[in-house]
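The values are calculated or read from the model by the stated rules, or taken from the named source; none is laboratory data. Computed from a predicted structure; not experimentally measured. When we count neighbours, we look across all protein chains shown, and the Cβ atoms used for this are built from the backbone with ideal geometry, even at glycine. Just so you know, the surface numbers come from the protein's heavy atoms only, side chains and all, with ligands and any DNA or RNA stripped out. Shrake-Rupley method; radii C 1.70, N 1.55, O 1.52, S 1.80 Å.
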Amino acid sequence: MKKVALLATALAMISGSALAADLRVKAVKAPPPPAFDPWDFAFGGGITNDYIFRGITQSNHKPSVNVYFEPRYNVTKDFQLYVGVGGASISFPNRAAAEVDAYGGARLTVGQFAFDVGAWGYMYPGGTCHYGPVVPPTDFAGVPLSAECLQNALVNGNVIKKDLSFFEVYGKVNYTFNDNFSLGGNVYYTPSFLNSGAEGTYASIVGKAIAPSTWFGASGIGMYVSGEFGRQWLGTSDSFYGTALFPNGINYADYNTWNVGIGFTYKVFTLDFRYSDTNLSKGDCNAFTSDFAARGNITASSGTFLTPINPSGVGSNWCGAAGIVKLSADLTALTNLK
C-alpha cells in the first residue's frame, strides 16, 4: 500500500508540473502586432546665407529662407508614395522673388538599397520680361516680342523671360554600407531648363559619412561629412536668348559642379557648413543665368568676359566659389509628434 501511495503522489506531482509548464507557456504568449499606420507627413524649413542650386546662386549670394510640407503614404514598410509642396526666397533677373515647388514620387527600399523616382515642378511667380526696345520689335530670329518685353531692359544688356517655370523627372539610388557610410547617384531631366527651350540633364554622385554616436557621448549631438560631384548637360535655347551669331538660340555650356561640407545635428535641427563651386567661366555663366548684377567691359582687355555665346562681354560671379551656412529643422509626424 505504501508503494501505491508513493506512486500516486509522484504521478500527481508530475501532472502538476506539466500543468504549471503549460500555464507558463500561455503566460508569455506574444501580443498581437500593433496596427500598421500607413499615413505620415514630414515638414520643416531653414535659413541660409546663400541659396545655391547645382553650383549657381538663386539668391544673388544673399540670404534665403525655405519651407516644405510632405504627406506620405506607406503602402508597406518598404514602399512609400509621397507628394510635397515647398517654397524658397530667391532673387532672379526677371525680379521673381519666390520659388514655389510641387513634387511627387515613390520610394522603395530593397535590402541596403533605397530607390526614389518622381517629378518636380519649379514655379517662379511674379516675373517680368526684360528685353529692351529694338527695331524691328522682334528677337534675332524675327519672333515678335511682347510689349512688356520691349518696355523693360536690364542695364547690362541681358535678356530674361517673364516666366522661368519648368519641371524635371528624376531617379535616385542610395546604398547604405553600414550605420556610418552611404553612397548614391542621381539623374534629373527636363525638356526646357528654366523655360529656356534648352534640354537639361543633371547627374551626380553623393556620399555621406556619419560619425559614431560614441564621439559625443550622451549629448545627443551628431556629426556627418558629405559631398557631391555632378555634371549639368544643357542643350540649345530658343530664339528669345539668341544672338546675332546664333539667332535661333545659343548652345549653353555644359559644366561640372561640386560641394563638400560638414554638418552637426541635434534632435530635429541641422547646422551645415559647405563649400560649392563650378567650372563655368564668368562669360558662359552670364549667358546661362542672365545675371542682372553681371559686369564687364568688352573694350577693356582686363575686364572682358567675351565668349561665343556671350557677345556682351559682361561676366557673372553667380557660378563661382561660395561658402554656405544653413540652419534647418526637419520633423515627421510619427517620429516627432507622437
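Values as computed for the structure displayed
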{"item": "Value of [θ]222 nm, deg cm²/dmol, for the chain, DSSP H segments ≥ 4, -39500 (n - 2.57) each, nearest 500", "result": "-4000 deg cm²/dmol"}
{"item": "Relative contact order of the range 224-303, pairs being alpha-carbon contacts under 8 Å that are 6 or more residues apart, as %", "result": "25"}
{"item": "Accessible area per residue in Å² at 1.4 Å probe, computed on the chain", "result": "54"}
{"item": "Trypsin sites (Lys or Arg not before Pro) lying in DSSP loop within the range 43-132, provided at most 10 other Cβ fall within 10 Å", "result": "Lys77"}
{"item": "Value in Å of the Kirkwood radius, where the range 92-157 supplies the Cα pairs that are averaged", "result": "15.4"}
{"item": "Estimated vicinal HN-Hα couplings, Hz - the range 39-46 in sequence order (Karplus 6.51, -1.76, 1.60; Gly, Pro = x)", "result": "8, 7, 8, 10, 7, x, x, x"}
{"item": "Other-chain or far-sequence residues with amide H under 5 Å of Asn60's (modelled H)", "result": "Ser91"}
{"item": "Candidate aspartates and glutamates for bridging to Lys172, where Cα separation is under 12 Å - those fewer than 8 sequence places away on the same chain excluded", "result": "Asp116"}
{"item": "Highest-first arrangement of 278-287, 261-270, 237-246, where packing means the average Cβ count within 10 Å", "result": "278-287, 237-246, 261-270"}
{"item": "With Cα atoms, 0 to 90° folded angle of helix 2-27 axis to the chain main axis", "result": "10"}
{"item": "Dipole in debye (nearest 20) - the range 259-338, about Cα centre, beta carbon charges: Lys, Arg +1; Asp, Glu -1", "result": "240"}
{"item": "Which label in [x] 23, 46, 17, 7, 5, 2, 0; [y] 30, 54, 16, 0; [z] 32, 59, 8 gives the computed P(r) over Cα pairs in 20 Å bins from 0, in percent", "result": "[x]"}
{"item": "Protein accessible area in the chain, 1.4 Å probe - carbon and sulfur %", "result": "67"}
